[in-house]
Amino acid sequence: MREGLRKRVPAIISMTLLCVLMCSMTVFAAEEPPKPELYATFWALVPPVVAIALALITKEVYSSLFVGILVGALFYSGFSFEGTVTHIFQGGMISVLSDKNNVGILVFLVILGAMVSLMNRAGGSAAFGRWAGEHIKTRVGVQLATIVLGILIFIDDYFNCLTVGSVMRPVTDKHNVSRAKLAYLIDSTAAPICIIAPISSWAAAVTGFVKGEDGFSIFIQAIPYNFYALLTIVMMIAIVTMKVDYGPMKIHEDNAKQGDIYTTSDRPYENVSTEVVNHNGKVIDLVIPILSLIVCCVIGMIYTGGFFEGTDFITAFSNSNASVGLVLGSFFGLVITIVLYAIRRVLSFSDCMSCIPEGFKAMVPAIMILTFAWTLKAMTDSLGAATYVEGLVKNSTGSLMNFLPAIIFLIGCLLAFATGTSWGTFGILIPIVVEAFSNKPTLMIIAISACMAGAVCGDHCSPISDTTIMASAGSQSNHVNHVSTQLPYAITAAVVTFVTYIVAGFTQSAWISLPFGIVLMLIVLFVIKKRVKSE
């Protein structure tokens, strides 16, 4: 007995120590990590501001984003070397690349890049360019065609940017439209269109943030008050038809008319495609892949929302997982494209497979910028930027009630600009607005629309926004060129929108405020055109 007990003592001691260790680990796991000293203060917004300022000054995107990430990690760690390095990678890059939604977006990018490479090599893009060249004779016509195509592809902003870019780029190049102007048109028909389209991934996101209300109904009612999106569309059409260009965009457009569609010496996409183009390709080699992509992406999104399990279409779309749905849809779109080219004998199977790494390489710049932008957002999240902004908004809801839509629009702009995310801005501001205006339904709808408009405006202006990055990738434009040329246009639309929200706060009528905003926008562009001519 004693001998057996003696043999069991080490095992008993080991088990006891193991239990103690596990209990202590459980206790430590239950404790939240201490918040940094700068948590939920103004300093939480400094890292993205640093990154944006450096990007605009130095014209270097990757280094500027990394400096912003470094500043955020230093603030979080209290300027500790070990804590800074750990937070950059473990709390930043590794964390964002482990997120399934982010990975889904990257996979979607790669598949779309492969499809663009396939369509180029099969000759579909070239055939469409020849067809468009015969039917679209002017620079104004090709820009209007780009706007129309962007409006028609309203499902998702990523899908919009890359699809419109791949289809219209050869045509705009032929008519000497600058890549910066193409990027502006693509970006302005991405998020601003998705945010007023009831059947889109953005509508689904907004609906999910409106707790305790009929989110979809509120989204529909908010569309006439979404002044930034509506006025951006008006502004695009007016700029193209009135032939108004100003700021850095005028330099790019003047150079493009002389044959230089890039303007700057940095032309990262100029020779991105080296594959041999099949000159026997037809327009259907572009149209069928694009249509299959649209149909498959819609099916993929409603599949993730439970449509095939009995859920109605609208509810399935509002409950969909856009990241997973777009990956599923783009994959089947890719399969259909390969089968189509094999049946038509446009490309061999081995040629199709060689397009996949080509497409991947074309998307590497966008993937790198996205990864850095997501990491920078992780830094601001860890510093409590959302909590800081939430406190600011709650403190301002007690006074100046009629001015609040304009104030909320401005806060949404600044927050989305600093963080580079529209959906994150929705998540912060919309629940606060619903709570603050619960007893004023009309003003609540106007304020919710101001949240959405401000988020889209800030996202439209921000160089670290994923949609802005996608527009640069879709147009194959230098990213800093796109940001610097688009910023004056977006600011013009933002100023007119801000004034329009002041009118809406007092009149609480879209029938008065929206026509006022449209007329004001046209007057502003007319004045700008006169001033540019006089200069």
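Residues in the stretch 291-303 that are surrounded by fewer than 21 Cβ atoms within 10 Å (Cβ to Cβ) and within 18 Å of ASP157 (Cβ to Cβ): ILE294, VAL298. Tell me which residues, restricted to the stretch 468-485, are crowded, with 24+ Cβ neighbours inside 10 Å, among the hydroxyl-bearing types (Ser, Thr, Tyr) and either at pLDDT 90 or above or assigned to a helix (DSSP H, G or I) (or both). Selection gives THR468, SER472, SER475, THR485.
Identification of helices (runs of 4 or more DSSP H) wholly contained in the stretch 42-112 with 3 or more residues that are without any contact (Cβ under 8 Å) to a residue 12 or more places away in the chain yields 46-58, 81-88.
LEU334 falls short on exactly one of the conditions (1) buried (at least 22 other Cβ atoms within 10 Å of the Cβ); (2) touching a Ser or Thr at 6+ places or on another chain (Cβ under 6 Å); (3) modelled with pLDDT of 90 or more; (4) aliphatic (A, V, I, L, M), and that condition is (2). Taken over the stretch 500-513, the criterion of being open to solvent by 10 Å² or more (accessible area, probe 1.4 Å) and either polar (S, T, N, Q) or within 12 Å of ALA450 (Cα to Cα) (or both) is satisfied by ILE502, THR507, GLN508, SER509. Looking only at the stretch 202-232, residues that are at pLDDT below 75 and part of a helix (DSSP H, G or I) come to 11 in all. Taking residues in the stretch 119-145 that are under 18 Å from LYS181 (Cα atoms), and partners anywhere that are among the hydroxyl-bearing types (Ser, Thr, Tyr) and crowded, with 18+ Cβ neighbours inside 10 Å, the pairs with Cβ atoms closer than 7 Å and at least 6 places apart or on different chains are VAL142/THR172. Once the stretch 326-381 is narrowed to residues that are of a type in the set (Lys, Arg) and part of a helix (DSSP H, G or I), the residue that is farthest from LEU286 (Cα to Cα) is LYS377.
Just one of the listed residues (PHE498, PHE526) is farther than 30 Å from MET401 by Cβ and assigned to a helix (DSSP H, G or I), namely PHE526. The selection criterion, being open to solvent by 20 Å² or more (accessible area, probe 1.4 Å), at pLDDT below 85 and in a helix (DSSP H, G or I), holds for THR315. Restricting LYS533, LYS529 to those that are touching a residue at least 40 places away in the same chain (Cβ under 8 Å), surrounded by fewer than 18 Cβ atoms within 10 Å (Cβ to Cβ) and of a type outside the set (A, V, I, L, M, F, W, C) reduces the list to LYS529.
Scanning the stretch 118-138 for residues that are open to solvent by 10 Å² or more (accessible area, probe 1.4 Å) and under 17 Å from PHE360 (Cα atoms) returns ASN120, ARG121.
Against the criterion of being in a helix (DSSP H, G or I) and at pLDDT 70 or above, LEU392 does not qualify. Residue count for the stretch 139-190 under the criterion of being in a loop (DSSP other than H, G, I, E, B) and either closer than 21 Å to LEU230 by Cα or open to solvent by 10 Å² or more (accessible area, probe 1.4 Å) (or both): the result is 8. When the residues of the stretch 260-282 are filtered to those that are farther than 24 Å from CYS352 by Cα and modelled with pLDDT under 85, the one that is surrounded by the most Cβ atoms within 10 Å (Cβ to Cβ) is THR263.
The values are calculated or read from the model by the stated rules, or taken from the named source; none is laboratory data. Computed from a prediction, not measured in an experiment: that's the story for all the values here. As a convention, Cβ positions derive from the backbone with ideal geometry for all residues, glycine included, and neighbour counts pool all protein chains shown. Side chains are part of the model used for accessible areas, which takes the heavy atoms of the whole protein and leaves out ligands, DNA and RNA. Shrake-Rupley method; radii C 1.70, N 1.55, O 1.52, S 1.80 Å.
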